[in-house]
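What follows draws every value from the coordinates through simple rules; no lab data is involved. Because the structure is predicted, anything quoted here is derived from the model rather than measured. Quick reminder, even Gly has a Cβ in these numbers, built from the backbone with ideal geometry, and neighbours come from all protein chains shown.
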Amino acid sequence: MNAGEIIRSIEAEQMKAEPPQFHVGDTVRVYGKIKEGNRERIQVFEGIVLKKQGGSSRETFTVRKFSSGVGVEKTWPLHSPNVEKVEIVRYGKVRRAKLNYLRGRTGKSAKVKELVR
């Protein structure tokens, strides 16, 4: 077995059996595990998915929200054990893969249309 096959087998073990199915533009609620000293709790981060990138076990997604008037972005690894679950709040209708244009906007112009299913 060469090095590439060994790495792929280790990555396959670490991947989640059923990763959450969401797309760019969706509003999601990410339940992340936070360690504080010897205690562990779950913190919820709700916002719009700006981008998804990478593949297999390295796949990440970035979520943006407004917290007391300031834009906050957080990048989460999709297959991380620290991501408890990803809950879809609403589906967004967008026409591009990365929503970088939302960074400079506030208020109504920072909204994404809802996709009616």
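Details
- Here the spin labels are modelled as points 7 Å beyond Cα on the Cα-Cβ line, and at ARG8 and GLU87 they lie 3.8 nm apart.
- Largest-first principal axis extents, alpha carbons of the chain, Å: 54, 38, 27
- For the chain, the 222 nm mean residue ellipticity estimated from helices alone, with every DSSP H stretch of n ≥ 4 adding -39500 (n - 2.57) and the total spread over all residues, rounds to -3000 deg cm²/dmol.
- For the range 28-34, 3J(HN,Hα) computed residue by residue from phi via the Karplus equation (6.51, -1.76, 1.60; θ = phi - 60°) reads 10, 10, 9, 9, x, 7, 10 Hz, glycine and proline entered as x.
- Taking the range 3-110 and dividing mean pair separation by its residue count, relative contact order in percent (alpha carbons under 8 Å, at least six apart): 30 percent
- Of LYS35/LYS74; LYS33/LYS113; LYS33/LYS108, pairs whose Cα-Cα distance is over 26 Å: LYS33/LYS113; LYS33/LYS108
- Degrees separating the helix 3-14 axis from the principal Cα axis of the chain, which is the longest one: 60 degrees
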